[in-house]
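The structure appears right after this line, and notes come after that.
No value in this document is a laboratory result; all are computed from the given coordinates. Everything quoted here is computed from the prediction, not taken from an experiment. Please note: Cβ atoms are built from the backbone with ideal geometry, for glycine as well, and neighbour counts cover all protein chains shown.
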Amino acid sequence: MIKIDGRARDLTDMKFGKLTALIPIARNSRTIIWECICECGRKKEAQSQHLLSGGTRSCGCLNGNQKQPGASKHPLYPTWKNMMARCYNQNATGYHRYGKRGIGVCLKWKNNFYAFVKDMGSRPVNFSVDRINPDGPYSPTNCRWASAKLQRANYSKHI
């Protein structure tokens, strides 16, 4: 364990977004590295300055960035990534029709690409993910694979 001296702020048990600082584990010339625990249960190492500035607020689960080996090579990864962008990236095409309206992704899928794959199964040719209730979230009970024709008939009147 790294000793906290008068120059460094003790962040033990302080909460930063979804992270709680547990113990200092390393020090470099400018900052202390903290072992943190996220509300989702994952551990994350973070620099003091990033915690204090708000630059690090979760293990990655707030924006779906946990390490998921092989995910980016999976055929459904672009579908999941685009779904996440529509809901959480203000610069994404379509954000105004999704995230800005409060449409989000259930925590199970947001935190785990492979949970999305397991729940949705293989995508049929020329189908894309569709929300049954167009004003509801992306979730196992509200999503299906649908043709363009079905999706055109199932649109939100609130856009």
Tell me, yes or no, whether region 45-68 has at least one residue that is touching a Leu at 6+ places or on another chain (Cβ under 6 Å), more than 30 Å from ALA8 (Cα to Cα) and not small (Gly, Ala, Ser).
no
Is one or more of the residues making up region 67-85 on the phi > 0 side of the Ramachandran plot and of a type outside the set (A, V, I, L, M)?
yes
Matching residues in region 111-157 (within 14 Å of THR79 (Cβ to Cβ), in contact (Cβ under 8 Å) with a residue 12 or more places away in the chain and in contact with a helix residue (DSSP H, G or I) (Cβ under 9 Å, 6 or more places away or on another chain)) number 16
